[in-house]
Amino acid sequence: MPARRKIEKKEALDHLKSIYQLFLKRGGDPKRFTIRHYNILNDNSHMYIDVFVKKLGGWNKCLTDAAIPLGFRQYKEFSKEEIAAYVKKVYKQFQTAGKKDVKYKGQEKTFRMKDFQDFNEALGGRFSLAVILKRFGSWSNLLRDLNIPIGRSRGLEHDQIVEHVKKVYDLFNKKESPEKIFSKEMYEKHNFVEDVYISSKLIERRFGTWLGAKRKMRIR
């Protein structure tokens, strides 16, 4: 197997710029170039994303060094009301589709983060999920502020809550890097499991604190 050659910073940044230009040519929003977009468009096998995320000081630093706008700061450029209005538009599309779903006939299906991503893409993806979570703090906060039902909360037994949290924890471990902590934010990010949502606020009410809940469930 040939030795892996050293990648120079200038070469990496030039490649990053070329991928960004390709992203723009395909109609991408100049202020929303993300790791996901890079991975989709990158066809250079030796220029993996970890070159930018780990070796060159982080994704945002590399974007800055390459003079590419930091898309994640989009949440600062638009008001909470503008973002909320757009989410309501996505939610309306979600509800319209739900009425046609025989499985949920006569019921109000829970609006999950996955649902937002699916319908957001269909509407052009003006705001990313990351921007929305940054602005509102968590998915449950967003649903509460927009008066959208947030799923199951009352009448849950202790064992039901513990079982759900542990399922979310397992999903978190599969999806996230090992150095990340299972915080409330991470819990909310992966909260929907088998169409069930239990808010972190409810968990804190039942267990006293988030750390207390983790301790009692023996979750790190």
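Of 68, 40, 35, all but one fail to be modelled with pLDDT of 85 or more, under 19 Å from the mean Cα position of the chain (by Cα) and among the hydrophobic types (A, V, I, L, M, F, W, C); the exception is 40. Note on the range 142-167: among residues that are part of a loop (DSSP other than H, G, I, E, B) and within 19 Å of residue 216 (Cβ to Cβ), the one that is modelled with the highest pLDDT is 157.
Remark: pairs (first residue in the range 198-220, in a helix (DSSP H, G or I) and at pLDDT below 90; second residue surrounded by fewer than 17 Cβ atoms within 10 Å (Cβ to Cβ) and small (Gly, Ala, Ser); Cβ separation under 7 Å; 6+ apart in sequence or on different chains) = 202/153. Scanning the range 118-141 for residues that are assigned to a loop (DSSP other than H, G, I, E, B) and within 20 Å of residue 198 (Cα to Cα) yields 137, 138.
The residue of the range 4-19 that is modelled with the lowest pLDDT, among those that are exposed (fewer than 11 other Cβ atoms within 10 Å of the Cβ) and outside any helix (DSSP H, G or I), is 4.
From 119, 111, 94, 127, grab the single residue that is surrounded by 14 or more Cβ atoms within 10 Å (Cβ to Cβ), modelled with pLDDT under 80 and either in the same structural domain as residue 28 (by TED's automatic domain parsing) or hydrophobic (A, V, I, L, M, F, W, C) (or both). Only one candidate qualifies: 127. If the condition is being free of Cβ contacts under 8 Å to residues at least 60 places away in the same chain and of a type outside the set (Ser, Thr, Tyr), then the range 81-95 contributes 81, 82, 83, 85, 87, 88, 89, 90, 92, 93, 94, 95.
The values are calculated or read from the model by the stated rules, or taken from the named source; none is laboratory data. This structure is a prediction, so every number in the text was calculated from the model and none was measured. We place every Cβ from the backbone using ideal geometry, glycine too, and count neighbours over all the protein chains shown.
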